[in-house]
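As structure tokens, the structure follows; a few thoughts come after it.
The values are calculated or read from the model by the stated rules, or taken from the named source; none is laboratory data. Keep in mind it's a predicted model, so treat the numbers as computed, not measured. Neighbour counts are summed over all protein chains in view; Cβ atoms, including those assigned to glycine, are modelled from backbone coordinates with ideal geometry. For accessibility, only protein heavy atoms count, side chains too; no ligands or nucleic acids. Shrake-Rupley method; radii C 1.70, N 1.55, O 1.52, S 1.80 Å.
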Amino acid sequence: MPHVEVLPNSAATVAPGWTYVVDTGYDPSKVAINPKNKKRAAAAAPGGQRAEDELSARQQTAIARRIAELERDNDPKQLITVPGKSSVPKTQNARRIIQYQRQIKHWLDDEEAQMGQAATTSRGSVSHAGGRGATQALRRQSTFASVPATPVEATPGPATMAQTPTRLDNTFAEDALLSIDQNLPPPLNSAELEALLAAPPLSYAASHAAPPPAGGPPQRQFCDNCGYWGQIKCRKCGARVCGMECKDAHEATRCLKWA
Amino acid sequence: MPPKGAKKAAAATANKTLVLDNGAYTIKAGIVSTGATPTYDDCRVVPNCIARSTRDKCTYVGSELDGCRDFGELAFRRPVEKGFIVNWEAEKAIWEHELMGEAAGAWWRCDPTETNLVLTEKPNCPKELQKNCDEVVFEQFEFAAYYRCVGATLNAYHAPTAASSLASQSLPQECLLIVDTSYSDTTILPLYNGKLLQSAVRRLTVGGKLLTNYLKELSSLRHYNMMEETYLLNEIKEAVSYVVPSSQQFARDLERTWKGRVGDRRELDASIVVDYVLPDYENAIHGHARPHDAAKSRMRRGLQPLQGPREDLLPLGNERFAVPELLFNPSDIGIQEAGIPGAVMESLSVLPEALKVGLLANVVVVGGNSLIAGFMERLETELRALVPVGYLLNVTRADDAVKHTWLGGARFASEQERLREVLVTKAEYDERGSTWLVKRFS
């Protein structure tokens with residue numbers, strides 16, 4: 001079955017600001033570009049109305065911002081100076097490194113940029129691009145598809161095929177039944193193992209775990225206010241709440257409508 | 001394979017080695033002499049931060065935090081971000097204070113020029129940061145010799161079974177799967193003969209820091225504004241949180257901690273909901289938890305006259321289990337990653353069948369989050385459900401989840417032969433430079 005994934009919907013974004021356009025008189029096909037009624041425009045946008053479980057661009061931004069906030073190490077607003085007189089850096093180079101005021105995100109962005117650059121310069125070489133593509137394909141693979149679920153299936157295909165002739169040759173049928181050979185995985189291929197051990201480290205961004213499999217249980221929704229199941233969706237911003245009481249609290253504090 | 005000249009140069013290395021597991025939350029450090037048998041007691045755990053209190057206007061470096069009497073609104077500066085040393089100004093101050101200064105005491109103090117350094121790092125570190133680290137180690141601290149490696153690989157140097165006479169010959173362990181659930185993040189690291197299978201390393205965003213911040217956010221939203229009370233919330237998290245055994249139990253516990261609707265109030269289950277008595281930093285510097293008392297919470301809201309001593313209570317219901325639940329279901333707050341068991345299976349899916357079998361038979365969990373009650377049981381149950389029936393699955397927690405990596409490193413460093421092969425001396429660095437060194441250690 002083909003894998004169908006719902007891509008993020010950006011239909012509800014309304015671009016701020018303004019721009020110069022060439023005035024060519026009244027053109028009915030362009031009227032929709034800058035409509036007066038934003039609600040109607042969103043509904044009539046090319047993506048159409050959002051599906052029930054889809055997030056608006058605004059919600060996605062809010063979630064991304066929240067996660068970034070949760071995993072932040074240092075608060076940039078709080079400057080804590082190193083107490084006492086610190087010893088003088090011994091070399092020019094050490095002084096440069098010690099005086100860096102960069103945060104981890106700058107270094108990771110640098111790494112991304114360097115990898116991007118390396119990819120564009122070596123686009124000509126097919127092998128390099130192929131290797132990258134292959135690792136990407138591996139990364140995207142669903143975990144559960146590749147792991148057999150039952151012990152019978154646990155025997156990898158090629159191994160079973162290899163076993164079949166030996167079993168036929170064997171005159172003692174009982175032995176074949178008792179044999180545990182077919183339950184054993186194929187022995188380690190030393191070339192393969194060496195390739196695995198020699199593989200270069202993944203970049204930080206590539207090392208993250210894949211999203212949960214598409215066939216898995218749907219994401220659980222919780223009340224934005226009290227943490228109970230979120231059965232009701234806020235009509236203004238799409239967040240989940242558990243009941244009227246929490247809805248009031250939500251609207252008073254966290255509703256994204258005005259965020 | 002070290003270059004030919006390496007052996008001769010390394011022969012002159014010092015016989016004292018500083019093993020430094022430089023975590024984002026704590027530094028685990030200790031000096032190991034060659035030939036000694038290190039134990040957990042040789043390791044010192046020091047907070048890796050500079051903290052400043054806006055109340056008493058004091059700044060605490062590393063272990064000075066033990067002397068702090070008022071953790072209210074304490075702000076932290078951490079030199080390690082996402083597991084990598086980023087801010088060398090702060091890290092240098094902490095190292096100088098803890099490892100070379102007076103705070104170290106006679107036992108732990110070291111003179112870098114006469115000491116080897118074994119330093120751990122997280123996997124997938126950006127090359128630029130590795131280079132900076134090497135340069136500072138040699139140019140600023142001037143260690144005699146140095147080895148940098150991914151911390152988890154050192155866990156392979158623990159004897160698989162205690163008191164086995166053959167153990168030392170079979171080291172490093174052949175197949176070992178490390179689940180390192182630490183402060184910055186959670187990483188899955190398959191090892192073969194003590195070497196990291198780099199292409200199978202997987203990382204989850206969820207670590208102790210994220211859990212603490214999440215609890216901080218929830219408590220601030222539901223009760224008092226505690227956004228500045230990181231230290232307190234970390235303490236509360238460690239004291240009260242637990243991992244539910246299954247998602248069915250999660251639903252049941254969520255039901256039991258629900259306040260109910262208007263006109264249909266439910267009694268909160270006192271076996272789950274607790275009141276955390278907040279410290280006031282005058283009479284008590286640490287708080288404690290006790291079973292929920294409905295009368296007390298009515299008093300707090302002014303619905304009933306106040307009785308007894310004045311105290312501030314933080315009721316904790318579903319926060320107790322919904323927060324650590326993120327380790328197993330990061331999608332609960334919208335992080336698009338599978339939980340730890342899913343990440344383990346994903347990591348194994350790129351490895352050959354025979355390795356999978358070996359790795360699953362020897363899964364070791366290290367890192368502070370594994371100390372949360374119920375963590376190991378949940379991990380084992382969920383992994384068992386994902387692993388094919390015919391496979392042997394062995395999940396164990398390290399005897400000391402925090403210091404385990406350090407002890408592995410100490411055992412590694414106590415054997416002269418093994419250490420000599422990997423160490424790079426200052427003379428070699430001066431000759432060949434840091435770019436060579438980054439290649440050498442990768």
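Summary of computed values
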read-out: Unique match (being open to solvent by 30 Å² or more (accessible area, probe 1.4 Å), closer than 23 Å to B:V201 by Cα and either free of Cβ contacts under 8 Å to residues at least 24 places away in the same chain or not assigned by the TED database to the domain that holds B:Y147 (or both)) among B:K356, B:K439; value: B:K439
read-out: Among residues of region B:306-341, those that are in a loop (DSSP other than H, G, I, E, B), acidic (D, E) and more than 8 Å from chain A (Cβ to nearest Cβ), counted; value: 2
read-out: Enumeration of residues in region B:233-256 that are outside any helix (DSSP H, G or I) and either hydrophobic (A, V, I, L, M, F, W, C) or within 24 Å of B:P279 (Cβ to Cβ) (or both); value: B:S241, B:Y242, B:V243, B:V244
read-out: Only listed residue being among the hydrophobic types (A, V, I, L, M, F, W, C) and assigned to a helix (DSSP H, G or I), chosen from B:A284, B:A270, B:A295; value: B:A295
read-out: Some residue of region B:75-84 being open to solvent by 30 Å² or more (accessible area, probe 1.4 Å), among the small types (G, A, S) and more than 14 Å from B:N22 (Cβ to Cβ); value: no
read-out: Selection status of B:E380, more than 17 Å from B:T181 (Cα to Cα) and open to solvent by 30 Å² or more (accessible area, probe 1.4 Å); value: no
read-out: Residue among B:D56, B:D111 that is without any contact (Cβ under 8 Å) to a residue 60 or more places away in the chain, more than 12 Å from chain A (Cβ to nearest Cβ), more than 30 Å from B:E421 (Cβ to Cβ) and open to solvent by 30 Å² or more (accessible area, probe 1.4 Å); value: B:D56
read-out: Candidates A:V82, A:V88, filtered to the one that is among the hydrophobic types (A, V, I, L, M, F, W, C), modelled with pLDDT under 90 and open to solvent by 60 Å² or more (accessible area, probe 1.4 Å); value: A:V88
read-out: Qualifying positions in region B:193-220 - closer than 14 Å to B:L348 by Cβ and out of contact with any Asp or Glu (no Cβ under 7 Å at 6 or more places or on another chain); value: B:L197, B:S199, B:A200, B:V201
read-out: Within region B:285-299, considering residues that are in contact (Cβ under 8 Å) with a residue 24 or more places away in the chain and more than 30 Å from B:D66 (Cβ to Cβ), the one surrounded by the fewest Cβ atoms within 10 Å (Cβ to Cβ); value: B:A294
read-out: Failed condition for B:R411, given (1) open to solvent by 30 Å² or more (accessible area, probe 1.4 Å); (2) within 19 Å of B:G207 (Cα to Cα); (3) assigned by the TED database to the domain that holds B:P112; value: (2)
read-out: Segments classed as helices (runs of 4 or more DSSP H), wholly inside region B:33-140, with at least 3 members that are in contact with a helix residue (DSSP H, G or I) (Cβ under 6 Å, 6 or more places away or on another chain); value: B:88-95, B:127-135
read-out: Residue list for region A:73-86, filter: more than 7 Å from chain B (Cβ to nearest Cβ) and closer than 18 Å to B:F141 by Cα; value: A:K85
read-out: Residue within region B:360-374 that is within 14 Å of another protein chain (Cβ to nearest Cβ) and free of Cβ contacts under 8 Å to residues at least 24 places away in the same chain present; value: no
read-out: Matching entry among B:V262, B:V206 (being over 18 Å from B:H404 (Cα atoms) and more than 8 Å from chain A (Cβ to nearest Cβ)); value: B:V206
read-out: Per-region count, region B:59-74, residues buried (at least 22 other Cβ atoms within 10 Å of the Cβ) and at the interface with chain A (Cβ under 9 Å from one of its Cβ atoms); value: 1
read-out: Unique match (being surrounded by fewer than 19 Cβ atoms within 10 Å (Cβ to Cβ) and either of a type in the set (F, W, Y) or not assigned by the TED database to the domain that holds B:I27 (or both)) among B:A427, B:A361; value: B:A361
read-out: Candidates B:Y242, B:Y214, B:Y281, filtered to the one that is more than 19 Å from A:C226 (Cα to Cα), touching a residue at least 12 places away in the same chain (Cβ under 8 Å) and not charged (D, E, K, R); value: B:Y281
read-out: Only one of B:T230, B:T181 that is surrounded by fewer than 24 Cβ atoms within 10 Å (Cβ to Cβ), at pLDDT 90 or above and more than 9 Å from chain A (Cβ to nearest Cβ); value: B:T230
read-out: Selection count, region A:220-256, where residues are small (G, A, S) and surrounded by fewer than 19 Cβ atoms within 10 Å (Cβ to Cβ); value: 3
read-out: B:L351 vs. criteria open to solvent by less than 20 Å² (accessible area, probe 1.4 Å) and part of a loop (DSSP other than H, G, I, E, B); value: yes
read-out: Subset of region A:235-259 [more than 12 Å from chain B (Cβ to nearest Cβ), part of a loop (DSSP other than H, G, I, E, B) and either of a type in the set (A, V, I, L, M) or out of contact with any Cys (no Cβ under 6 Å at 6 or more places or on another chain) (or both)]; value: A:R235, A:G238, A:A259
read-out: Cβ-Cβ under 9 Å pairs, at least 6 apart or on other chains, region B:382-407 side within 14 Å of chain A (Cβ to nearest Cβ), far side open to solvent by 70 Å² or more (accessible area, probe 1.4 Å) and among the charged types (D, E, K, R); value: B:P388/A:E153; B:L393/B:E380; B:L393/B:R384
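So that you can scan it fast, the table gives a plain yes or no per residue for (1) at pLDDT below 85; (2) of a type in the set (D, E); (3) closer than 21 Å to B:M227 by Cβ; (4) touching a Phe, Trp or Tyr at 6+ places or on another chain (Cβ under 9 Å):
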| site | (1), (2), (3), (4) |
| --- | --- |
| B:G35 | yes, no, no, no |
| B:T39 | no, no, no, no |
| B:R44 | no, no, no, yes |
| B:R52 | no, no, yes, yes |
| B:F71 | no, no, yes, yes |
| B:F84 | no, no, no, yes |
| B:E89 | no, yes, no, yes |
| B:W95 | no, no, no, yes |
